[in-house]
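> One structure is given below, represented as structure tokens, and several questions about it will come after.
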Amino acid sequence: MQSLAPNSVTSVDELRRCADRSDPDAQTALGKRLLAGDGMPASPQEGASLIAQAAQRGNGEAAAIAAVLIGLGAHALADWTKALEYLQQSAENGWESAQRQLTVLSSDAELADQGQKPSPPPDIWGRLRRSIDVPGWVRVPPSAEVSAAPKIALFDSFVDRRCCEWLIGRARPRLERSRVFARDGRAAVADARTNSAFEFDLLSLDTVLLLARARIAQAAGFAPHALENTNILHYSPGQEFARHFDFLDPDLPSHAQEIEAKGQRVATFLVYLNDEYTGAETDFPLLEKRFRCRTGGALLFFNVDLSGVPDRRTLHAGLAPRAGEKWLLSQWIRGRPMQSA
């Protein structure tokens, strides 16, 4: 039987017929569509089952997705170990993204260099996987409180440069004009926000980002499922995000409905992915404070006070670069766990 090309465009019926014949490429394609609800009702359980079957049959992409699915539910080191085993399997089956992720995650720079060679040693992927320091990845680095009310903290070194470069590379070809959460509850383009962004959904998540999200959750004091989808933001010279609040306004009916359904947006976590630009600080005008971190540094601020009431002192802006381009990871955190990634 001839296997489907991994990225071929086929009908759902054709995918199902091929998946029923244990075609791993069809199982992967159908599993992805079921996970995302692409052209059909979402069925996460069936999608995950097909992905697992495809991974067992040697599909590298499926093994990488399985690593993410396990990582999303990871609550113990054992879970991360299983996720990384799937990532190793994906790399061994030739999935380039998995190979690169292992080099980013490794704590052994020499091994990571070997993994990036055109012809890496045949046992490199297992060695890289075993070199990953999972406890170190989820451990929170030191921080400095710069404001008690509202609570604001700075992290001098939150993730390393390899992680930053990986995230920029994932986002760069997928950037779109940024949107704002409008008064009617819809995401909309606005003159106040002129930068671009990429939002990671379930199928664009990877294990590197999942471990970074685990560290963010730990640093902010929330479970990982309280995190919204992660955004990577890009600012060219002159692009900005004018003064705004990150909390949802409970006085607006659409925002009140969103709060009731998913919780208030209680905190914001920013990771500065580069520092080759001038200007572009994060400005808090009512506090008379501006922040800018070097590559890998981070800023955490809470959008509500201790009683959960929106704190208007957190009015802030993403100022425009005067020269160079700015890359930033933006992570909003809800007051209750999100149901999706």
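> Give the order of ASP25, ASP184, ASP283 when sorted by the count of other beta carbons within 10 angstrom, beginning with the fewest. Don't skip to the answer; put the middle values down first.
Numbers: ASP25 22, ASP184 10, ASP283 18.
So the residues, fewest neighbours to most, are ASP184, ASP283, ASP25.
> Let me ask something else. Pick from ARG162, ARG186, ARG213 the residue whose mean-square fluctuation is largest in a GNM of the chain, springs joining Cα atoms under 10 Å.
Maximum among the listed residues: ARG186.
> Give me the one-decimal nm value for the distance between modelled label points at SER147 and GLN114, 7 Å along each residue's Cα-to-Cβ direction.
About 4.8 nm, to one decimal.
> Do any of LYS32/LYS151; LYS32/LYS326; LYS289/LYS326; LYS32/LYS117; LYS82/LYS117 go past 29 Å between their Cα atoms, and which? Show your work: numbers first, answer last.
Details: LYS32/LYS151 40 Å; LYS32/LYS326 32 Å; LYS289/LYS326 19 Å; LYS32/LYS117 31 Å; LYS82/LYS117 26 Å.
With Cα atoms farther than 29 Å apart: LYS32/LYS151; LYS32/LYS326; LYS32/LYS117.
> Identify which of PRO141, PRO237, PRO41 has the largest mean-square fluctuation in a Gaussian network model of the chain, with springs joining Cα atoms closer than 10 Å.
For the chain, modelled as a Gaussian network with Cα springs under 10 Å, the answer is PRO41.
> Sticking with this one: Tell me the angle of helix 77-92 to the major Cα principal axis of the chain, expressed in degrees between 0 and 90 and rounded to the nearest ten.
Here the helix axis deviates by roughly 60 degrees.
> Within the chain, which is the longest segment that contains none of the GluC sites (Glu not before Pro) sitting in a DSSP loop with at most 11 other Cβ atoms within 10 Å?
Details: sites that count: GLU276, GLU288.
That gives 1-275 as the longest site-free run.
> Could you tally the net charge around HIS225, taking each other residue with its Cβ under 12 Å from the Cβ of HIS225, Lys/Arg +1 and Asp/Glu -1? Walk me through the intermediate numbers first.
On the way: positive: ARG213, LYS262, ARG334, ARG336; negative: GLU228.
Its environment carries a net charge of +3.
> Additional query: Which one of ALA76, ALA48, ALA64 has the biggest mean-square fluctuation once the chain is modelled by GNM with Cα springs under 10 Å?
Of ALA76, ALA48, ALA64, the most mobile in the Gaussian network model is ALA76.
> If neighbour count is taken as other Cβ atoms inside 10 Å, put SER178, SER157, SER119 in order from fewest to most.
Details: SER178 24, SER157 14, SER119 5.
Lowest to highest Cβ neighbour count: SER119, SER157, SER178.
> Something else about it: Please compute the net charge surrounding ARG16, taking Lys and Arg as +1 and Asp and Glu as -1 over other residues with Cβ under 12 Å from its Cβ. Intermediate results must be reported in sequence, preceding the final value.
On the way: positive: ARG17, ARG21, ARG33; negative: ASP13, GLU14, ASP20, ASP23, GLU46.
Here the charged neighbours net out to -2.
> Decide, for segment 128-182, between rounded, prolate and oblate: order the square roots of the alpha carbon gyration tensor eigenvalues as a ≥ b ≥ c, take rounded if a/c falls under 1.5, and otherwise choose prolate if a/b is larger than b/c, else oblate. Please list the in-between numbers first.
Numbers: a/c = 2.68, a/b = 1.02, b/c = 2.63.
Oblate, because a/c is 1.5 or more while a/b does not exceed b/c.
> Starting from the 7 Å offset along Cα-to-Cβ, what nm value, one decimal, do you get for the label separation of GLN257 and LEU306?
Each label point is offset 7 Å from its Cα along the Cβ direction, giving 3.5 nm.
> Round to a whole angstrom and tell me the spacing of the C-alpha centers of segment 91-137 and segment 150-210.
25 Å
Read the figures in this text as sums done on the coordinates, not as results from a lab. In this text the structure is predicted, and so the values were computed from the model without any measurement. Ideal geometry is used to build each Cβ from the backbone, glycine not excepted, and the neighbour counts take in all protein chains shown.
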